[in-house]
Amino acid sequence: MMPAHDSFYDVYSKARKIKIKWPNNARMAVALSGNLEAWTEKPDSKYRRTRHVGGSNPIKEDDVNTPYDCRTASENDYGGRTGVWRILRILDKHGVKASFNTNALCIHRYPEAVKAVHERGHEIVGHSYAEDVQLINLTQEQEREEIRTCAKMFQDFVGVRPTGWLTSGMRHTERTLGILADEGFLWHGDAVNDDNPYPVSINGKTMIIVPYKNAISGLNDTGMYRRGITARDLFNSFKDEFDILYEESADDPKMLTFAMHCQMAFPATGKVYDEAIKYAKSFSDVWFAKRIEIVERVKEHCL
């Protein structure tokens, strides 16, 4: 029997494409995305069925007699302890801002890092409570409570409520978009089905979808582990994608997203982040923008 409704294709795929107009006739918007993440590190097989960011396969509860995965915890801790500060330094160096997808658990694990992201003028994006507990594992009531609680935690901690949301693992449910609209969010970032942002109508409101990048694209540095590539490969992917989008943008302005995970921001990777930003800045008609700035531009000039 054919399904009567398919949430993704009925909502996201059928959404209309819009004509993009960036400020000052810019041909491209470059959206830098930092990822400040934290894991519970519990080897619960419910949350550990697939590989996640990290150099080794996380252990599962049926493999060990311990309630904690210390090896994986150490690898992931690099992000909030070390990597985030390298990314912030590079962004400061180039005078550009980013949108940081931030697990609310980071408020407890890395409070100084969360404060630094906010105080430097970067955007904090709701990114679930913990990276390894995804919305697809929750009931509808739990999902709404998680989204609402994360927003309140950031409001209480830095005084600003996130306006955008990227689900941990990008694993949202058929309910997520409606919950976000009900809770006052302006944009959602899980989709990867377009190069440019686009509007969707949900629960009587207009939400802007701001497409992200997955590891396969080469512009998400998690691919260094998931696909076995190096930091230098990441730069080549950035340049190739930038070049083709820039060529296409002569007739149709484009957006490019570059994902920088704090736990991936090793010295060699940091060098690539630096070179990628420098390359994009060498073009005079490129607009570096936070995702909320892109959303505001779309709502004011492109709908």
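The values are calculated or read from the model by the stated rules, or taken from the named source; none is laboratory data. Model, not experiment: these values are computed from the prediction. Here the Cβ is made from the backbone with ideal geometry for all residues, glycine too, and neighbour counts use every protein chain on show. Remember, those area values only see protein heavy atoms, side chains included, never the ligands or the DNA or RNA. Shrake-Rupley method; radii C 1.70, N 1.55, O 1.52, S 1.80 Å.
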All aspartates and glutamates inside 15 Å of K93 as judged from Cα atoms, apart from same-chain residues fewer than 8 positions distant: D274, E275
T257's amide H: which non-local residues (gap 5+, or another chain) put their own amide H closer than 5 Å, with H modeled 1.01 Å from N in plane and none for Pro or chain starts? A31
Please list, ordered by chain and number, the residues whose modelled amide H lies under 5 Å from the amide H of I124; skip anything fewer than 5 residues away on the same chain. F100
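Sorted by accessible area (1.4 Å probe), largest first, how do S13, S7, S168 line up?
Sorted by accessible area, descending: S13, S7, S168.
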Normalised Cα Rg of segment 175-303, dividing by 2.2 N^0.38 Å with N its residue count, works out at 1.15
Base-10 log of normalised Debye intensity for segment 93-226 (one unit scatterer per alpha-carbon) at q = 0.11, 0.13, 0.14, 0.19 Å⁻¹: -0.39, -0.55, -0.64, -1.19
Send over a whole-number figure in Å² for the accessible area per residue of the chain, probe 1.4 Å. 45
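Taking 1 over the mean of 1/r across every pair of different Cα atoms in the chain, what Kirkwood radius in Å do you get?
On the way: mean 1/r = 0.0508 Å⁻¹.
After inverting the mean inverse Cα-Cα distance, the result is 19.7 Å.
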Residue-count net charge about L180 - beta-carbon cut-off 15 Å; Lys, Arg +1, Asp, Glu -1: +1
With viscosity set to 1.567 mPa s and temperature to 4 °C, compute the Stokes-Einstein D of segment 242-303, Rh being the Kirkwood radius across alpha carbon pairs; µm²/s, no decimals. 96
Here are some pairs, K115/K271; K19/K97; K17/K281; K19/K299; K115/K290; which of them have Cα atoms lying more than 22 Å apart in this structure? K115/K271; K19/K97; K17/K281
